[in-house]
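The values are calculated or read from the model by the stated rules, or taken from the named source; none is laboratory data. Only a predicted model underlies this, so the values are computations on that prediction, with no experimental measurement involved. Cβ placement follows ideal geometry from the backbone for every residue including glycine, while neighbour counts extend to all protein chains displayed. The protein model used for the area step is the full one, side chains on, heavy atoms only, and it has no ligands, DNA or RNA in it. Shrake-Rupley method; radii C 1.70, N 1.55, O 1.52, S 1.80 Å.
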Amino acid sequence: MNKLAPSILSADFAALGEDVRKVEEAGAEYLHIDVMDGHFVPNYSLGIPVIESIRRKSVMVFDVHLMIDNPDQYIKAFAEAGADILTVHAEVCPHLNRTIAAIKENGMKACVALNPTTPLNVLDYVLEDLDMVLLMTINPGFGGQKYIESSTRKIQELRKMMEARGLEIDIEVDGGIKLNNVKTVLDAGANIIVAGSAVFGGDIEKNVTDFMKILGEA
Ligand code: DX5
Ligand code: ZN
């Protein structure tokens, strides 16, 4: 099932509640929330208090993307703040198995993210345990960057890897996804589509509707 996950990194933080309401009313079911620590990525974004605040205003699926070192330390706190899906980066999880188990023990769905140049084989021994894999299609840290073309082959290869094992796990793509290239990633095998600048730039409701038409959700 295809889903649009608007990324609030590109929202107006001075009107965050209003922007979240707009994407929700336009029909988006997922909300992608980017958490950055200035270490794993060269930027800061938002944290637990902001998630708690918007949780009180929204029933969307909170898809929380941690771009932070030592995510294990904060799993419980993100669960309590209202995350439904928690994504950690493989690059900062030396005990990935344990981290995934902890996410599930805290009642959330578990997702592992890979940077554009991190090979798929890091997922070899954990794939069966995951609810979703997030393939970064830009180098994480900032919205508004250009889609990295080699990602298309990576999406295809991951979908094949899953099919070969009889797994139907969500593949989320994040970075540089616009109305004019979303079909490419869907055809390659992605089904959860993050879009930040392409949703929050301009007419938010119209952007969501246009994406959802292509995703077959509308
Ligand atoms: C960047 C974030 C993305 C970002 C995508 O590190 O993970 O979720 O918001 O923004 P766009 O869609 O503008 O590339
Ligand atoms: Zn993200």
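From the list GLU149, GLU157, GLU91, pick out the single residue that is among the charged types (D, E, K, R) and within 16 Å of ligand 2 (Cβ to nearest atom).
Only one candidate passes the filter, namely GLU91.
Anything in the range 1-39 that is more than 16 Å from the chain's Cα centre (by Cα), crowded, with 18+ Cβ neighbours inside 10 Å and outside any helix (DSSP H, G or I)? List them, or say none.
Within the range 1-39, ALA26, ASP37 qualify.
I'm trying to understand the selection: among the residues of the range 126-157, which are over 22 Å from PRO42 (Cα atoms) and within 16 Å of the chain's Cα centre (by Cα)? Give the derivation first.
Keep residues of the range 126-157 that are over 22 Å from PRO42 (Cα atoms), which gives 126-133, 149-150, 152-157.
The answer is LEU130, ASP131, MET132, VAL133, ILE155.
Please verify whether the range 40-49 includes one or more residues that are out of contact with any Cys (no Cβ under 9 Å at 6 or more places or on another chain), within 16 Å of ligand 2 (Cβ to nearest atom), part of a strand (DSSP E or B) and open to solvent by 60 Å² or more (accessible area, probe 1.4 Å).
Checked against the condition, which is being out of contact with any Cys (no Cβ under 9 Å at 6 or more places or on another chain), within 16 Å of ligand 2 (Cβ to nearest atom), part of a strand (DSSP E or B) and open to solvent by 60 Å² or more (accessible area, probe 1.4 Å), the range 40-49 yields at least one hit.
When residues of the range 104-120 are filtered for being touching a residue at least 24 places away in the same chain (Cβ under 8 Å), within 16 Å of ligand 1 (Cβ to nearest atom) and in contact with a Ser or Thr (Cβ under 9 Å, 6 or more places away or on another chain), how many remain?
So the answer is 4.
Give the residues of the range 78-93 that are on the phi > 0 side of the Ramachandran plot and either hydrophobic (A, V, I, L, M, F, W, C) or open to solvent by 20 Å² or more (accessible area, probe 1.4 Å) (or both), sorted by residue number.
Within the range 78-93, no residue meets the criteria.
Within the range 162-190, which residues are away from ligand 2 (no atom under 16 Å from the Cβ) and either open to solvent by 40 Å² or more (accessible area, probe 1.4 Å) or closer than 19 Å to ILE8 by Cα (or both)?
GLU163, ALA164, ARG165, GLY166, GLU168, LEU179, ASN180, LYS183, THR184, ASP187, listed by residue number.
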